[in-house]
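Novice: Take this structure, written in structure tokens, and hold onto it; I'll ask about it next.
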Amino acid sequence: MDTPVLEAHRHGIALARPLSRALTLAVAGAVCLWAPWTATAAAGAVLLGLAAVIVVIAVARWERTHLSVTGSALVIEHGFLSRRSASISLSGTVFEVERTMLGRILGYGTVVAGELEIDWVPRRLTRLLQQRK
């Protein structure tokens, strides 16, 4: 395998949706804990535990997903217990970078290269791919 020219995680915005779900569950759990009924307090504890699990899983998935550009390929590796890897050659491959308004503001986009589609790719990696045209 070639030496990576640039390595990165997906953009941190990839954590926004699961963290907002976890925050919603945590707030609901906290409200339930303050209720005077025992059953509601138990449900609150379950909701808080579920929120914690969602956060841990989301951060672990984000941490275990690596993007790298080598001299000849774009490589994505992901997985926690078992690792999966996909790569596409840089030579002759057409790269499409899609950016929403929020993506342009925050510095991320979606890279489409053949059948490989990667969401929340940081700007520095998309710029490197576009320079290789």
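Throughout, read-outs are computed from the coordinates displayed, never taken from laboratory work. The shown structure was predicted, so the numbers you read here are calculated from the model rather than taken from an experiment. Note that we place each Cβ from the backbone using ideal geometry, even for glycine, and neighbour counts take in every protein chain shown.
Novice: With respect to residue 84, is the statement that it is charged (D, E, K, R) and under 18 Å from residue 125 (Cβ atoms) true?
Specialist: no
Novice: Let me ask another. Going through the range 70-93 one residue at a time, which ones are of a type outside the set (A, V, I, L, M, F, W, C) and in contact (Cβ under 8 Å) with a residue 60 or more places away in the chain?
Specialist: 70, 71, 72
Novice: Kindly provide the set of residues from the range 50-69 that are touching a strand residue (DSSP E or B) at 6+ places or on another chain (Cβ under 7 Å), in contact (Cβ under 8 Å) with a residue 40 or more places away in the chain and of a type outside the set (A, V, I, L, M, F, W, C), ordered by number.
Specialist: 65, 66, 68
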